[in-house]
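As structure tokens, the structure follows; a few thoughts come after it.
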């Protein structure tokens, strides 16, 4: 079944025909070419596909594309839309919180969504917040540091 | 994932019409966090889903004369972060807050947690100790099912074809009630429980009433009346030990890929102790 | 010694960070192939060991949208890195649950999926064997009756008629004579199950077989050149006609080395010539179908004299290599020639076997045999120390290898300082200081473990590099090694910049993607070899380019080349103090006086490195002049707590020290140490669980758990030791694998310190720990 949906993606209005059973993750990547959001497990376990839906972090693989109708979606491509790196991105670069980079988009979006809700988190809170974002390369230490650092600037 | 159709009705009449389409398997759909994985793996096959999120009342969370009403499409994070829920039904907030990750909790719903009826679900034990009632509606009307009657077996509930779970009503516990939800899992976050315990205590005159519910150690969540009775005699250390042993005896865990029956039984005892002690500690601090 | 380099030795920013942080970076799955792209899916064997009697794809082929079905009849020619014991699709039998039996190509993923269920495969079940020790015994079901006929490299020794695909023998001194002189001997068995790399990016490959015979493969790969070689051989494609393109990798850890699904995808593309076909593993397929770290059954017998000196070691390793051991044989070999661990012992008897088992293919994974054998070694060393009443750290310092020692294969140990590593971690963890647990019901302990590892490769793995300049004096560096997150591109840029004498910011790593058509040859991105080997090649290419520049300017100035240098992008003469910027001259050359002709021209530097000094080892004794190029050594100490109500282990702090020779980029070394510590810790809790039919039952992230941000220790301290290696650029050697080799035994040792409990088989699950506490009476 095809549905025509109208939603906002990275502050731009988009109208699209999507199939009922396609996830938002697939539609973003395959129909809109927004490949910054990654496929890691498609089971809601790894967080590599974390995007913001109305400002809240969700796994894009756990949302049917059709559900995005009327909603506001934000992906990693939106962070440096102005041309400048977002404070979170700057912090990740400065802290060397990136190795293979595959978990990075999901981490950034999770952090952005979380900091909007809790602008002054403790280290423990940050660790709790990203517990659904798996990283195999970094051991998380730099990622947590980067988020705490960026929080000061974002707040 | 194999294809299915999607509908989002605005009212119950439309919903029931869709749920009862002849010759079609139709699933109610809310958060998708169980439906999408199960459908992807081929365990759940359907012709269509009916998204219940736009149905009136399902996205409400409010206090009523009968108690707290939590709509079936209310999400785990909304429950965990709700001052209203935390005010008198905090053990439910704890249970909801222990589900998965932030991303999952921003989507997973109470209704889904109930209807999937995984034995290790995190909201049912809290709902058990709070004596919640599940409200189910279908084309014929509405009915109420006590939480203790809602779960029939592993992944089997009182929900029939054509039913939509509307929400739960949870009576307000007596003043001075405190509760804890303890979840033992393999990893510190975003993991299914191996054993979980919900404990609730509230004053009853000079004495205290206790309710204990166990998750992940039987085909459905279970209360432990014998253990509760022991704690109602006294909640000193000796009685806590006895209650823990009794709870373990009541449990019927299995061995599976996550843990063995032996370990689970041992952990029922230890986690019961932990839940009771945590509850006593909260009571002492005044919450 | 002061660091008088301008770039090398500095923690310059990663060269790939900016593009990764914006989501602009394209991994294989992000590449766009247009609407003609077809989807491939693999049909997996449901049986652990069975003959394939027939495959009937007619119903699948009749499904609208299905373009082709391929299977073993299309791939008769063997494939394999060290031992050609596989075909791309199995021809006559399957050897593990999950083995791809057939491939479907269709116009959509859903149709391909549906088609899988329409392929009828008839199997005849064979008895299966899963445990490597059992599989090595006479009478075990034979997985490869034709083992004797397989093509094999001259340093791997299979035993036809058995399941043993490699048997490495190490005989040094005389263990039998030494036992009676030991005052303490520990004999025990240590074992571990398979685990997996779990990179966040699953395996994915796209292939297109053009009608003119040109074949292109895009793969998430650590080994574009090796994949080209193996696939070209097996499918009879001229090497020059097969192009492998490998962009950034979203995590490899060895899992994307060698061959996994890539060859299957090329075969599927051949069936639909002219159209690209993509196959992406689901996470479940990753677990079931792609490569794993081998299981190990290890027998150890180690003895010391009364002073605590190691006198004799006898070890027998049985690696569960899975259904095909084409790569895994070298793991058993590496474990054989390093079988003692980083210890000096004159009497050693070692037998290391790679054994066929009906499980997933055991192949390269971070550590390549070292984590597996150190699990037992390091626990026994602890126990020996305890038995003779010596401190566990002192015991290791007494017995560990030192520079110049004659090690187990008879070679002299190159320059290392393991004692310094041990001292650093002992100090960092507060060794000897008993620290209070952080809460009631917690028991705290500290453990230490040391390690060594040499790059495990054939004797002649080559690296090469090309450097070319642009008019603005930026330089393009071409290499064939991959950036899998370890920071290789950054380190190469530093080496190139330093050697050329130009700023780090002037380097353009022209390597994304690595493309076998344009990139110079690199054996594989494995073995922690890029900093060292590819670094040597880049340094050689930079020296070549530097010479060409200086030669041009020397002639132009009529000066002696020995008085010239390049500093910060400018050629300077120490004699005349003249200066010549590199801009433009690196392309256009320099004019003679009065424009009477020109000097120089476009500067292109090339370089290679291939070790020339690795020798064969005697097949019966494992002795030889030079078994390996060098060793990297390290120490790790762990501070952990056990929750005595649940058995859950929480690691509080890990201190690691590794001798890297030279830290080209110190902060990147630290990030490897941090990531490795958590990976190592996680590996102690991971394990494949099988049912009795050989099906791996925890094949999703729901039940195969890896460390999360909450599991990772809050404190990880990394220390860098620099004892220059003689054959590495600026003295550098690798560290990417070493950082997680000994974490599991360090944790086991800490557990023993906390509770007096020893666990012989991984994983260190809470359940195992709790039941051990119960048995020991620590809890009731």
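Across every pair of non-identical alpha carbons in chain B, the mean reciprocal distance, once inverted, gives a Kirkwood radius of 19.3 Å. For the pair residue C:171 and residue C:122, the difference between a 0.36 nm per residue extended length and the Cα-Cα distance amounts to 12.9 nm.
Exposure proxy shown here: for C:363, C:506, C:656, the number of other Cβ atoms within 10 Å sets the order, fewest to most, as C:506, C:363, C:656. Evaluated at q = 0.22 Å⁻¹, the base-10 log of the normalised Debye intensity for segment B:179-285, with identical point scatterers placed on the Cα atoms, takes the values -1.11. In angstrom, the C-alpha Rg and Dmax of segment A:2-76 are 10.9, 30.
Taking only alpha carbon atoms, segment C:52-182 gives an Rg to Rh ratio of 1.17, where Rh is the Kirkwood radius.
Reported value for segment A:87-154: 68 Å³ per residue, from the convex hull of its C-alpha atoms. Taking N as the residue count of segment B:1-75, its C-alpha radius of gyration divided by 2.2 N^0.38 Å amounts to 1.24. For segment A:2-76, relative contact order (Cα pairs under 8 Å, six or more residues apart, normalised by length) works out to 40 percent. Normalising the average separation of contacting C-alpha pairs (under 8 angstrom, six or more residues apart) by the number of residues puts the relative contact order of chain C at 15 percent.
On the basis of the beta-carbon distance and an R0 of 30 Å, residue C:26 and residue A:71 show a calculated FRET efficiency of 0.65. Annotation for residue B:62 and residue C:761: the two label points, set 7 Å from Cα along the Cα-Cβ direction, are 5.9 nm apart. Between residue C:594 and residue C:625, the FRET efficiency estimated from the beta carbon spacing at R0 = 45 angstrom works out to 0.15. Relative contact order for chain A: 24 percent, from Cα pairs under 8 Å spaced at least 6 residues apart, divided by residue count.
A simple spin-label model places the labels of residue C:437 and residue C:563 7.6 nm from each other, with each point 7 Å out along Cα-to-Cβ. Kindly list the residues of segment C:376-391 that lie in the label zone of residue C:306, defined by a backbone N under 18 Å from the point 7 Å along the Cα-to-C-beta vector. Label zone hits: C:385-391. Separation between the residue B:202 and residue C:608 pseudo-spin-labels, each 7 Å from Cα along Cα→Cβ, expressed in nm? Simple spin-label model gives 8.2 nm for this pair.
Looking at chain C, the DSSP beta bridges with both ends there are about 80 percent antiparallel. A full extension of the chain between residue C:551 and residue C:615 corresponds to an added length of 19.3 nm, given 0.36 nm per residue minus the alpha carbon distance.
Residue order for C:37, C:550, A:79, fewest other beta carbons within 10 angstrom first, comes to C:37, C:550, A:79. By DSSP, the beta bridges lying fully in the protein assembly as shown are antiparallel in about 80 percent of cases. Computed from Cα atoms alone, the Kirkwood hydrodynamic radius reported for chain C is 27.4 Å. For residue B:142 and residue B:41, a Förster radius of 41 Å and the Cβ-Cβ distance give a FRET efficiency of 0.80, rounded to the nearest 0.05. Based on the alpha-carbon gyration tensor of segment C:282-387 and its eigenvalue square roots a ≥ b ≥ c, which shape applies: rounded if a/c is under 1.5, prolate if not and a/b is larger than b/c, or oblate? Verdict is prolate for segment C:282-387. Across all Cα atoms of the protein assembly as shown, the radius of gyration (one decimal) and Dmax (whole number) stand at 31.3, 112 Å. A helix-only calculation puts the protein assembly as shown at -8000 deg cm²/dmol for mean residue ellipticity at 222 nm, using -39500 (n - 2.57) for each DSSP H run of at least four residues, averaged over all residues. Dividing the convex hull volume of the alpha carbon atoms of chain A by its residue count gives 99 Å³ per residue. The alpha carbon centroids of segment C:478-493 and segment B:35-77 are separated by 48 Å. Compared with the alpha-carbon gap, the fully stretched path from residue C:726 to residue C:188 is longer by 189.9 nm at 0.36 nm per residue. Spatially, segment C:739-780 and segment A:24-71 are offset by 40 Å when compared through their Cα centroids. Between segment C:209-232 and segment C:532-562, the alpha-carbon centres lie 34 Å apart.
The ranking of C:413, A:110 by Cβ neighbour count inside 10 Å, starting from the fewest, reads C:413, A:110.
How big is the Cα convex hull of segment C:722-780 in projection, averaged over all directions, in nm²? Approximately 5.7 nm², given one-decimal rounding.
Bear in mind that the values in this text are calculations on the coordinates, not laboratory data. Because the structure is predicted, anything quoted here is derived from the model rather than measured. Don't worry about glycine lacking a Cβ; one is built from the backbone with ideal geometry, like all the others, and counts go over all protein chains shown.
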